[in-house]
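These notes are about the structure you will find just below.
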Amino acid sequence: MANSKKERGVKWEVRANDRYFHQSCRRKSFLCFRWGRYADNVVRSYKYTPLTFLPLNLYEQFQRAANLFFLLIVILQCVPIIATIPWYSTMLPLLFVLLVRGCKDLATDLGRRRSDGQINRRPCDILTPEGFKTVKWKDVRVGDILQVHKDQVIPADLLLLCSTEPHSLCYVETADIDGETNLKFRQALSVTHTELNGDSVKQNLATFNGIVWGEEPNGNLHSFKGELHWKGERHHLDTDHLLLRGTVLRNTDKAYGLAIYTGSDSKILQNCGKLKLKNTQVEILLNKTVLVILLFMITTAILLAVGAGLFEQRVSPQYDVVSVLQRDSSPAYLGFLTFWGYIILLSPSMPMSLYITFEVIHMMHCLLIGWDVEMYWEDNNSPAQARTTTLNEELGQVGHLLSDKTGTLTQNRLLFRQCFIAGHIYGDMSKELKPLDLSWNRFSCGGLKFSDQRLVDKLRERSSPECQEFFTALALCHTVMSEWRDGLPHYQAASPDEEALVCAARELGWVFLSRTRETLTLSEMGLTRNYQLLALLDFTSKRRRMSVLVRDPGGQLKLYCKGADIVVLERLQRDGPLQESTERALELFAQGCLRTLCVAVRSVPEALWTEWSRTLSQVGTSTGDQETALEEIYDQMEKDLTLLGVTAIEDRLQEGVPETIATLRRAGLKVWVLTGDKTETAVNVGYACKLMDPDTTLIQGEELRQLLESPSPEVKSKEPEVWITSRKAVKSKAALVISGPELAELTREPEWGAKFVALSDQCQSVLCCRVTPAQKAEVVEMVRKYSTSITMAIGDGANDVNMIKTAHIGVGLCGVEGSQAVQNADFALAQFSFLRRLLLVHGHWSYYRICILLRYFLYKTTAFALVHIWYSFYNGFSAQPMYESWFISLYTTLYTSLPIQCMGFFEQDVSDKSCLCWPEIYSIGQKKQLFNPLVLAITLLYSVYTSIILFFIPMGILQYFALDYQTLAVTIQTSVVLTMTVEVILHTKFWTKYSVAAVVFSLVAFFLSTLALHSARLFTASPKDYFFLGASPNAYSTPEIWLTICVT
Amino acid sequence: MMASSYSAKEEDGHHSGPAGLGAATRTRKPDNTAFKQQRLPAWQPILTAGTVLPAFFIIGLIFIPIGIGLYVTSNNINEFEIDYTGTDMSSPCFNCSQNFSWNSTTPCKCVLSFYLDQPFESNVFMYYGLSNFYQNHRRYVKSRDDSQLNGDERSLKEPSKECEPYRTNENKPIAPCGAIANSMFNDTLDLFYINPSGSKTQIPLNKKGIAWSTDKRVKFRNPGGSNPNLTAVFKDTAKPVNWHKPVYELDSEADNNGFINEDFIVWMRTAALPTFRKLYRIIQKNNNMTPTLPRGNYSLEVTYNYPVRSFEGRKRVILSTISWMGGKNPFLGIAYMTVGSICFFLGVVLLFIHHKYGNRNNSSDIAS
């Protein structure tokens, strides 16, 4: 028995109402070790416990190369023979960085703990011997029987035992799991339904002692394999019997379930993937720069060490005062020691605190995005959200914007506007509608933007069987759930088109009343009719159609099919009568930017149905690739259709879309629209939203193919004739239009892809029509591959998730189609038009601020550390530090960090209004003008220059005095701090009170702490007492010289 | 039918998920504050020709006079320098420099004479200067024990390890320990004015006030508190190996003896560069009528103890008056003048450019 279970893959044993059994193998954990089998139902998304916080957090932090490097430096400093500066001078900044970082981690972890706590404290009812008792979620154990009420969130993965609905059906909303807002039904096994339901559910459940054998916990949301052993029988269980944690019970009063997977074993928690961290280009370049600095540092240290070796060999032997100190070591050994000494000494040139500042500023920028009132949308109460906190500066660099159409450019609030039935087009697109008198229809809820009395008349008179059939099809062929409120049906649909169609049918008298698993109930012009639902051939993005097979009250079998026009049209009976007018109607609708769906019907002979249902059930039980098998079977059914009509649904543009696109285009962004719609619809939307100007020429189909096929291996240098002739057109105004199948060819040929992207760069815009979600991602991938610019993808639905994840930056719109796009996005917006502000204002500012910050940081640390090199020529390459050790440790953390931080927060090179008025400003980010290797090299050279000035001018001046080392050190320190402050002052263009305060504070901090550190009181261990009159005048004269040099 | 009536019970439920839309009644509208909307009042200086050019000129006009002033002041300072290393055969100190090492006992004396062609009017500072002496070498700089010098009894008996190999001698702790102290400059310099009649007058050299007051009062202190008997205090210690006398015999006066001897303090304040000068004595102006050092012949009597030949070092004596800006320092004035002129020059160039091409820029200035 056990063996066979293993073979069937069911090893997870759950005994109902047997807490004791499961208690014995509860999962426990101590530190990092876990044992036991069954997790409890406590969510622990937090990472740290009080005990593990310190080691875990430190471990994580030291995975950063910079932190590790500095740890090594601290360790090196503990070796007395090479310690050039005392250990605390590196230790302090390192501690500071670790502390700040640790605090941040702790804060986020506490936040997680709090939200965990909230979830864990939610109430639920579990069955105890005394009846149902309300407990908290965290007390649920495997094997408990739970009672879930309507609209409650299900606390664990439950096996549905029975519910108050007939046949123990129950409906769940899975929005939190897969983002689909439609209701899905789950049904209990008929055996549990019949045995457990009844008047004494409680007693029945309390005596229920079935044993469930299931799979080990896994994250696959759409599959479950298991069996229930009860009363000596074995029942097969699948995912339809499972209520997943996180789903919401709808339309069902009460459901009873047996907890199978709890807590971390549950499917949704098993599914919580880790977020992939995206690195920005700026950050990558920064890392490279740091690496270059590191290499430079090591080379310099080696050179200086060689210098030290030579010094020891040539000079020291005659110089007994020093040579005695080296204690018979060879020059080579001394050089080796000096090498490490210099590594320590030059280590401050690594911008360690930069990473932490970087992070803080990123976080601040994200908060600012969320705080922006102008990106808040009242209608659905959602402000902008920055979900990834590392991508801000890339917002200022976007070169390609790839946008979904439906729901992104448009509102996705669909309205049934026109239809085509039996050769006639009903409805028009005029703006003012005189509302139809629908008072005869007691189910009417209003909201229909359709006015054609002819159709209503025809329907009421029942003079047109086609029209009746058409609306019957609309009322039957869908997956909508109805809910009754105030005597009116309200519909919950997976997709807005379905809802629009079912609503339209309702308004016109074909009211969908309710559904069960096996029946559909309609009210046709007040006449209630029951249809038996035989099969539902559901919609997939691949099939792009759905059908229902019903037995109408008259006993006839009918297949109603609804789908995208090309798919349906190719499945029609040959030589249908209305082919031509249909195509004309389709074209007409497309020109009006309407979405079209074809509706068709087929009468199915009884014999075919019996045969077909047999094959269907065979597939259902067979293993292997069910999906493709099902598809084939569905295909067999959906053929020889008769066209009933075409629906045309309007999807309005969102507010401000044309303006936004026009502004973005002025900003130099290439806007690509990727849509599943027909080419004509897409092109029309393109014109409507100013993606293309009215006089834009379209390059599509053959022409495009020619362009791509033309032999131009090097797109840029040698352009053959075809290329050149078309370039005139391209240069003036052109847009590329490409459809899904062509795109598929394109992606197969890598060379074409490159050409396509190169070509598109010269065009106004690109429209990709008829693309699948996977293709959307491929397009993004292609753009990423063949162009150097940053890509941003924006979308709102589950079909955009691929694209959002692939692009450098993904933006999700919180729209009608669930929250899946938002959950996978880096930024979430409520409206497409907010993109303008996000990119042009926040993006530009972030880019500007961060670039200035990075440059300044590199400048300040390298200029600071390079002084040591110049000094080493005067002290026999002995790694004598130029600064006091306290200064080294406080320099980056206290004296120079605040003003630049303030600048990172508040700096605005141009105001937000100017950013929006002159979008051309945005191109500095696209061209990476503020942070590229050249700029970096200049920054580094500038810092070398600064360090030379910083060292040689004070030295030149002070050499005439009875100069001691400490005076020189104080002088140079003061100059360094003043220079860096002046540098910030010169860069700041936006002086807020905080900036002024920061500058004043750091200068005051510097002078006070220097005085304090040099005071007699602190003089105990090391020589600090030297702040002498002689130092001050000189210290002040040099920075003044410096100030002017900065200005020049 | 199966139309279940809507009942409003337990409207728990929807606050899960990060994007809990819909059910949240609390408005999530951001606060409209200046800080959150990035509309803080701010001063935005715009760099235009109107602000930058005057800045250049002002800086130039401030710096050039300062530079000239500094340069003139520096030129008014009298400074006289004489090298007495004795590398030349002709030098009077040649003999001394040749046959001398650290551990010779008999002092070698030599006399140099020189002529001052200008009288030194105010107080005169007398420096000794050493060249090619790496007093800033790291191992050298570290080789001292500050707590010992601060009068700590324990460190006196147990000097810091940093002092090795000048930590102990013959099992006694060295006071003061370390290489810096060990290599203390120990030439004695005496200055005589040769009257036109031929007789010599010794010029009084003030040996107090040459060290920083903080050093003298705080940093350096003799062990044993106020115990005047330094011999007893330093009883169990050894003198540094190169020294001729123990530390408690550096001077006869009690407040200038031991660790608080000012010559010693000056030496212990290590120099920044391998060529340096250190204050040796101060010649006080005694009355207003006569200059401190009148024009005439002088002779410098050197007790030559300090060997520098091994590392090709040089020894100098410098006599200098000082002004408000310190000693003679042409560099400072020149630096100020250079920077000032560069600014001024750039200002002129920019003004020229602005004047010539300004019309084009003006329009954009107005626009922005």
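The values are calculated or read from the model by the stated rules, or taken from the named source; none is laboratory data. Not measured: the values here are computed from a predicted model. Quick reminder, even Gly has a Cβ in these numbers, built from the backbone with ideal geometry, and neighbours come from all protein chains shown. Note: areas computed on protein heavy atoms with side chains; ligands, DNA, RNA excluded. Shrake-Rupley method; radii C 1.70, N 1.55, O 1.52, S 1.80 Å.
Here is how the numbers come out for the structure above:
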quantity: Hits in region A:566-594 (condition: farther than 22 Å from A:ARG417 by Cα, modelled with pLDDT under 80 and open to solvent by less than 90 Å² (accessible area, probe 1.4 Å)); calculated: A:GLY576
quantity: Single condition A:THR519 does not satisfy, out of (1) surrounded by fewer than 20 Cβ atoms within 10 Å (Cβ to Cβ); (2) farther than 16 Å from A:TYR560 by Cβ; calculated: (2)
quantity: Residue within region A:357-365 that is open to solvent by 30 Å² or more (accessible area, probe 1.4 Å), facing another protein chain (nearest Cβ under 9 Å) and more than 17 Å from A:GLN908 (Cβ to Cβ) present; calculated: no
quantity: Every residue from region A:64-99 that is among the aliphatic types (A, V, I, L, M) and open to solvent by less than 50 Å² (accessible area, probe 1.4 Å); calculated: A:ALA66, A:ILE73, A:VAL74, A:LEU76, A:ILE82, A:ALA83, A:ILE85, A:LEU94, A:VAL97, A:LEU98
quantity: Residue in region A:891-910 that is open to solvent by 30 Å² or more (accessible area, probe 1.4 Å) and farther than 21 Å from A:VAL984 by Cβ present; calculated: no
quantity: For A:ALA662: the one exception among (1) surrounded by fewer than 19 Cβ atoms within 10 Å (Cβ to Cβ); (2) aliphatic (A, V, I, L, M); (3) in the same structural domain as A:GLU570 (by the TED database); calculated: (3)
quantity: Single condition A:LEU158 does not satisfy, out of (1) touching a Lys or Arg at 6+ places or on another chain (Cβ under 9 Å); (2) under 30 Å from A:THR389 (Cα atoms); calculated: (2)
quantity: The one condition in (1) within 22 Å of B:ARG154 (Cβ to Cβ); (2) assigned to a loop (DSSP other than H, G, I, E, B) that B:ILE210 fails to fulfil; calculated: (1)
quantity: Residue in region A:116-130 that is farthest from A:LEU146 (Cα to Cα), counting only those that are assigned to a strand (DSSP E or B) and open to solvent by less than 10 Å² (accessible area, probe 1.4 Å); calculated: A:CYS124
quantity: Flag if A:ILE953 is part of a helix (DSSP H, G or I), closer than 25 Å to A:ALA879 by Cβ and open to solvent by less than 10 Å² (accessible area, probe 1.4 Å); calculated: no
quantity: Restricting region B:231-290 to residues that are polar (S, T, N, Q) and within 16 Å of the chain's Cα centre (by Cα), the residue that is most open to solvent (accessible area, probe 1.4 Å); calculated: B:THR275
quantity: A:LEU391, sole failed condition from (1) away from every other protein chain (no Cβ under 14 Å); (2) within 30 Å of A:PHE589 (Cβ to Cβ); calculated: (2)
quantity: Meets criteria (within 14 Å of chain A (Cβ to nearest Cβ), surrounded by fewer than 21 Cβ atoms within 10 Å (Cβ to Cβ) and either among the hydrophobic types (A, V, I, L, M, F, W, C) or touching a strand residue (DSSP E or B) at 6+ places or on another chain (Cβ under 6 Å) (or both)) for B:ARG309; calculated: no
quantity: Failed criterion for A:ASN380 (all others in (1) assigned to a helix (DSSP H, G or I); (2) within 13 Å of another protein chain (Cβ to nearest Cβ) hold); calculated: (1)
quantity: Members of region B:137-165 that are closer than 30 Å to B:VAL302 by Cα, at the interface with another protein chain (Cβ under 8 Å from one of its Cβ atoms) and crowded, with 23+ Cβ neighbours inside 10 Å; calculated: B:HIS137, B:TYR140, B:SER143
quantity: Identity of the residue in region A:376-400, among the charged types (D, E, K, R) and more than 30 Å from A:VAL766 (Cβ to Cβ), that ends up surrounded by the fewest Cβ atoms within 10 Å (Cβ to Cβ); calculated: A:ASP379
quantity: Residue within region A:527-536 that is under 25 Å from A:HIS424 (Cβ atoms), open to solvent by 40 Å² or more (accessible area, probe 1.4 Å) and not hydroxyl-bearing (Ser, Thr, Tyr) present; calculated: yes
quantity: Selected residue (only one of A:VAL321, A:VAL248 is closer than 27 Å to A:ASP116 by Cα and either modelled with pLDDT of 75 or more or open to solvent by less than 70 Å² (accessible area, probe 1.4 Å) (or both)); calculated: A:VAL248
quantity: Selected residue [open to solvent by 60 Å² or more (accessible area, probe 1.4 Å), in a helix (DSSP H, G or I) and at pLDDT 85 or above] from A:VAL1000, A:VAL944; calculated: A:VAL1000
quantity: Condition check for A:VAL79: assigned to a loop (DSSP other than H, G, I, E, B) and within 30 Å of A:VAL212 (Cβ to Cβ); calculated: no
quantity: Residues (part of a strand (DSSP E or B) and at pLDDT below 75) located in region A:8-62; calculated: A:ARG26, A:LYS28, A:SER29, A:PHE30, A:PHE33, A:ARG34, A:TRP35, A:TYR38
quantity: Among the residues listed as A:THR974, A:THR981, A:THR988, A:THR967, the single one being facing chain B (nearest Cβ under 8 Å) and crowded, with 20+ Cβ neighbours inside 10 Å; calculated: A:THR967
quantity: Test result for A:GLU507, of a type in the set (Asp, Glu), open to solvent by 30 Å² or more (accessible area, probe 1.4 Å) and not assigned by the TED database to the domain that holds A:ALA682; calculated: no
quantity: Region B:96-113, residues that are modelled with pLDDT of 80 or more and open to solvent by 80 Å² or more (accessible area, probe 1.4 Å); calculated: B:LYS109, B:SER113
quantity: Residue selected from region A:82-111 under the condition in a helix (DSSP H, G or I) and within 14 Å of chain B (Cβ to nearest Cβ), by the criterion farthest from the chain's Cα centre (by Cα); calculated: A:GLY111
quantity: Elements of type strands (runs of 3 or more DSSP E) contained in region A:135-178, each with 3 or more residues being within 12 Å of chain B (Cβ to nearest Cβ) and buried (at least 22 other Cβ atoms within 10 Å of the Cβ); calculated: A:169-173
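Condition check ((1) more than 12 Å from chain B (Cβ to nearest Cβ); (2) over 30 Å from B:HIS137 (Cβ atoms)) across all residues:
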| site | (1), (2) |
| --- | --- |
| A:PHE834 | yes, yes |
| A:LEU839 | yes, yes |
| A:GLY843 | yes, yes |
| A:LEU854 | yes, yes |
| A:HIS868 | no, no |
| A:ASN875 | no, no |
| A:PHE887 | yes, no |
